[in-house]
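Data block below; observations after.
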Amino acid sequence: MGDAMTLSAMLLAVSFLPYFEARNTIANYVYAPPAEGAEQVKCERPELRAVTKCPACGGTGKLALEEPNFGQANGRIGGPRKTTAKCKVCDGKGKFESYIPPADLTAQVARDREQFASSHQGRGEIAVGQAFIPNSVYGELEKNRKRLKLIEEAYGKPCPKCQWTGIEACRKCHGEGVADCPEADCKGGWLVTKTTTERSHTSSGGSFRGSGGMRSSGSRRSSTKQTNVNVQICPTCGGAKKIACPECNGRRARPCKACSGLGTKRKSGGL
């Protein structure tokens with residue numbers, strides 16, 4: 001597979017049609033083997049990686065942050081504190097490599113499969129499992145169920161989980177590539193901590209005249225509580241509110257476990 005492309009270009013360029021046609025050619029070798037010295041058929045899925053813009057910073061690599069007021073700004077002179085920080089989701093690069101969104105990819109495969117089938121049906125060919133063979137050949141093999149079964153097996157069946165793609169959406173981020181900041185005290189990308197201090201005060205009592213002369217009313221103790229609010233950029237997400245998904249490292253997907261990334265259904269006892 002070639003180098004990863006930008007997502008917009010990838011969505012225009014990706015096609016499974018050559019892959020489906022290559023599988024069909026190989027399946028047809030069951031009744032018509034290739035000539036000696038013929039060029040080998042390459043059966044490869046298209047490039048599924050894409051370089052995508054960071055969803056946190058929009059591709060800039062930086063975040064424009066404005067301090068929210070959680071009580072720390074009460075009585076402060078001037079507007080809220082503003083700052084610019086490097087995006088921690090993409091490490092300031094503005095982009096990262098990921099897979100094409102699995103949902104978009106599945107839709108593309110369905111369109112390509114429909115076009116593949118329509119093209120062969122338009123030539124009068126007959127479906128044998130996922131493969132297509134000429135009508136005349138099917139007539140010859142119609143009573144030879146073993147040969148037809150071999151053609152069907154040579155083409156293969158799509159993995160029921162990934163449908164030919166070989167990848168599945170990350171279960172932790174559901175194909176988004178990012179996850180919520182795990183820091184418990186993070187509120188919208190800011191770390192908010194509150195500390196309460198208690199101060200005790202002792203005041204001496206007054207004096208009063210009683211029987212026997214002047215007497216003191218004694219001292220009195222009282223306490224006051226003061227709550228201080230500290231707001232700073234969350235060190236975990238850097239103000240982005242999100243982090244790159246730790247399960248897929250922001251790639252949205254991973255090789256399908258059901259088929260080991262091959263895209264085809266497993267046979268009993270192996271692939």
*Starting from residues that are under 12 Å from Glu152 (Cα atoms) and of a type outside the set (Phe, Trp, Tyr), keep the ones in the stretch 26-38 and report whichever is farthest from the chain's Cα centre (by Cα).*
Val30
_Check on Pro68, outside any helix (DSSP H, G or I) and at pLDDT below 90_ = yes
_Any residue in the stretch 122-151 that is free of Cβ contacts under 8 Å to residues at least 24 places away in the same chain sitting within a Cβ distance under 6 Å of a residue that is surrounded by fewer than 11 Cβ atoms within 10 Å (Cβ to Cβ) and acidic (Asp, Glu)? List the pairs, counting only those 6 or more apart or interchain._
none
*Quick one: how many residues across the stretch 142-172 are basic (Lys, Arg) and touching a Gly at 6+ places or on another chain (Cβ under 8 Å)?*
1
*asked:* Looking only at the stretch 97-130, how many residues end up being surrounded by 19 or more Cβ atoms within 10 Å (Cβ to Cβ) and closer than 30 Å to Thr60 by Cβ?
replied: 6
*asked:* Let me spell it out: the conditions are (1) modelled with pLDDT of 90 or more; (2) of a type outside the set (Ser, Thr, Tyr); (3) more than 17 Å from Gly92 (Cα to Cα), and Gly269 meets all of them except one. Which number is the exception?
replied: (1)
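The values are calculated or read from the model by the stated rules, or taken from the named source; none is laboratory data. Since the model is a prediction, treat every value here as computed from it, not as a measurement. Neighbour counts run over all protein chains shown; Cβ positions are idealised from the backbone, glycine included.
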